[in-house]
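The values are calculated or read from the model by the stated rules, or taken from the named source; none is laboratory data. What you see is a predicted model, and the numbers here were worked out from it, not measured in a lab. Neighbour counts are summed over all protein chains in view; Cβ atoms, including those assigned to glycine, are modelled from backbone coordinates with ideal geometry. Each accessible area value is taken on the protein alone, full model and side chains, heavy atoms only, with ligands, DNA and RNA left out. Shrake-Rupley method; radii C 1.70, N 1.55, O 1.52, S 1.80 Å.
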Amino acid sequence: MGVAVGRRRRWGVPVLLLAYLGYVGLGAGVLQALERPAEVRAARRLLQQRWELLANHTCLQGPALQRLIQGIIEAYKSGVTLQGNTTSLGRWDFSGSFFFSISAITTIGYGNLSPSTVAGRIFCIFFALFGIPLNLVLLNEIGQLMLLGVQRSAHHLEEMFHWKIKAALLMKTCALVTGLLLFLLLPPLLFSNKEGWTYEESFYYSFITLSTIGFGDYVIGMNPDRTYPSWYKNVISLWILFGMAWLALIIKCCINLLESSSDFCQCNRKSIELSEDEMDDGKKSMTGLHNVESCNDKDTKAGGPGGYHTHTTSTEAL
């Protein structure tokens, strides 16, 4: 039964992963088709305003400069910036759209980029509506597969070295250390190289991203002064996917520890209450015995010698 479940899960994850990547790819293609023309139009409009300003105004005037600033702001919101006599594009190419799709259905939502067209916004609503459940199912399957791998490795160690508690503890420690290296400690080195951030800033970005907090103060691939390889955003998208599954397992383990400690505290509290009740019952029984003895002493004193003699006589008569 366990083997069948393991085989089903082993084949289920690749199928779900292909469906997931196909779904994200579909979203990236649609978003590219919807948003890329608007990005190009914004870039051309910004260039035209710049050339008109240089040709018609030798001395900059207030209204002309204000229009240029407003155009720069609007273009920047669309992901377009000036670079000499050209403009930077790339936020809504396929890799940028793919990264946006990942950040949308994983609910990270950096907030630095959003659809500017009505059609893009409507599509984004329905895309997230079906994409978020698919993302949750895939994350759960990946997490269960990771957990199954740890359990099987621990079982093999138990069979080889006849360890029981040590094998499970060793494998959990190895899984924790490996996950820390792959998802939190090593990726900041890549971000520092590609983005120019410090290691602390890169580590901060890694955790904020994988925990789906997504403040948006640090986002990869958004510096117009840097050139990024084509694979960069796609690899980071996969890192986000598997890193979120690993971090979800860690959070689940922390929740289990908290629940077990809470149950332990409740059991201790109940045992203390039971012991206090037993002590109270013991005190009550001792008090009752003392009252009975006191009553007997009072009866003896009240009866006097005659009473005692009468009691003795009746006893002898019996």
Self-check item: Residue list for the range 191-208, filter: more than 10 Å from Ile220 (Cβ to Cβ) and of a type outside the set (A, V, I, L, M, F, W, C)
Solution: Ser192, Asn193, Gly196, Thr198, Tyr199, Glu200, Glu201, Tyr204, Ser206
Quiz item: Do we have any residue at all in the range 184-202 that's within 14 Å of the chain's Cα centre (by Cα) and more than 22 Å from Ala28 (Cβ to Cβ)?
Solution: yes
Quiz item: Name the residues in the range 128-181 that are over 17 Å from Pro14 (Cα atoms), of a type in the set (Asp, Glu) and surrounded by 15 or more Cβ atoms within 10 Å (Cβ to Cβ), would you?
Solution: Glu158
Quiz item: Would the range 233-249 turn up any residue that is among the hydroxyl-bearing types (Ser, Thr, Tyr) and surrounded by fewer than 16 Cβ atoms within 10 Å (Cβ to Cβ)?
Solution: no
Exercise. Could you tell me which residue of the range 1-57 is least open to solvent (accessible area, probe 1.4 Å), considering only residues that are among the aromatic types (Phe, Trp, Tyr) and at pLDDT below 90?
Key: Tyr20
